[in-house]
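Below: one structure, written as structure tokens.
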Amino acid sequence: MSAKVFIAQENLGTVLDGLSRKIRLWVPASAGEDKHGVEFVPYRPGLAPVLDRQSTILPKKVMLPQVEKLFSYEYLKNPEDPSKVRVKLEEPEDFEPTLVFGAHPCDVKGFFVFDRVFTQGPFVDGYYKKRRENTLFATVVCQEADSACFCSSVGSGPADQAGSDFWIMPVEGGYVVEALTDRALPFMDALGTAPTEAQETAAKELHEQVARQQVGNLDLQDSVESFKTRFEQTAYWQAMAGQCLSCGICTYVCPTCYCFTISDEMKGLKGERLRSWDSCMFCTYTAEASGHNPRPTKLERYRNRVGHKFSYFPEKYDGMIACCGCGRCIRSCPVSIDIRKVVQELKENACVCA
Ligand code: SF4
Ligand code: SF4
């Protein structure tokens, strides 16, 4: 088995066809002729992956589907005595081995945040955990940072291999692919042939060049404390998020946002319990059964989003910032709210006496 192979550009389709027969495969693809953007979709023969730019809709949905059935249930009445009822439960078994081909480093980095919440207690989410264990990532080195990216500011970078099993480096005529983990090794021989010395050198140089890049210059020192001093400063939050539309797009495109809701869909005596993405930017998210809502306006909701990522989460999880600097929320926000500006200004003129 080789630790590095070369896939010629003209063979990529055949290689992916072969891979998709061995493992469930997701790739980033153009969202459609009349649509903009790139989204991760299940691979089908003929689909050309888009590897040279970040996706709009990321592989979050592979690990945490936008809507997933947690289980189905059925009430079974005793024919002799209908007042006696049993409940029959059936869990899905949709956890087959999966490969996400063409993720970017920030896509993969986001799952480190998910891991802390879903797999490292105090409660373990079995659905997420099983998918996480069964999913491999083939990540492409990121050559196209744009003005919204700031991954280096949050401890990552365009050549960050953390969490990836394969590393894809575009070189002339194709891709050099390297196995980063033992899980990748069994697939290598089927991917391509050994790279030439020139291809290996080109890939190494590309990796080194990209690794030197500093993407973004957000200063996050003391953001935990700065946020606290700003918490009560309504005028500050009004200025930062006053125009927010509460549309929730920033959370749906975010690799580190994991809010969900659970609902039962029932017909007759049968039903399904569903988990679906939700957003802390929606006014109903924190509404309590009593009618009280602790975050009644968009000001409190936006403040919570910033605080969760840059203050509460790092305070709770050993300094881990719940943001991978992908910039998707900045690019997608219809009113151009820039989370970097909010965080940058947290400590500027912050006053503990306000
Ligand atoms: S908060 Fe924005 S920049 Fe940070 S991970 Fe989420 S979408 Fe990306
Ligand atoms: S995308 Fe912008 S407008 Fe929409 S909820 Fe997020 S911050 Fe508000």
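Here are some notes:
For every residue, the table says whether it meets (1) within 12 Å of ligand 1 (Cβ to nearest atom); (2) open to solvent by less than 60 Å² (accessible area, probe 1.4 Å); (3) polar (S, T, N, Q).
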{"residue": "Y252", "(1), (2), (3)": "yes, no, no"}
{"residue": "P255", "(1), (2), (3)": "yes, yes, no"}
{"residue": "D264", "(1), (2), (3)": "no, no, no"}
{"residue": "G271", "(1), (2), (3)": "no, yes, no"}
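- Taken together, the residues in segment 286-312 that are within 16 Å of ligand 2 (Cβ to nearest atom) and of a type in the set (D, E) amount to 1.
- Filter pass, M188 being among the hydrophobic types (A, V, I, L, M, F, W, C) and over 26 Å from Q214 (Cα atoms): yes
- Filtered residue count, segment 262-285, keeping only those that are more than 16 Å from ligand 2 (Cβ to nearest atom) and free of Cβ contacts under 8 Å to residues at least 24 places away in the same chain: 6
- Total residues in segment 313-343 satisfying the condition of being within 16 Å of ligand 2 (Cβ to nearest atom) and in a helix (DSSP H, G or I): the figure is 10.
- Scanning segment 190-237 for residues that are open to solvent by less than 60 Å² (accessible area, probe 1.4 Å) and among the hydroxyl-bearing types (S, T, Y) returns S223, S226, T229, Y236.
- Residue in segment 109-131 that is more than 13 Å from ligand 1 (Cβ to nearest atom), part of a helix (DSSP H, G or I) and either among the small types (G, A, S) or closer than 30 Å to E205 by Cα (or both) present: yes
- Residues in segment 238-287 that are within 27 Å of K109 (Cα to Cα) and among the small types (G, A, S): A241, S246, G248, S276, S279.
- Count of segment 146-182 residues, restricted to those that are within 16 Å of ligand 2 (Cβ to nearest atom) and at positive phi, is 0.
- Qualifying residue in segment 276-297 (condition: among the aliphatic types (A, V, I, L, M), open to solvent by less than 70 Å² (accessible area, probe 1.4 Å) and within 12 Å of ligand 1 (Cβ to nearest atom)): yes
The values are calculated or read from the model by the stated rules, or taken from the named source; none is laboratory data. In this text, all values refer to a predicted model and were calculated from it rather than measured experimentally. Here Cβ is always computed from backbone atoms with ideal geometry, including for glycine, and neighbour counts include all displayed protein chains. SASA here: full protein model, heavy atoms, side chains in, ligands and nucleic acids out. Shrake-Rupley method; radii C 1.70, N 1.55, O 1.52, S 1.80 Å.
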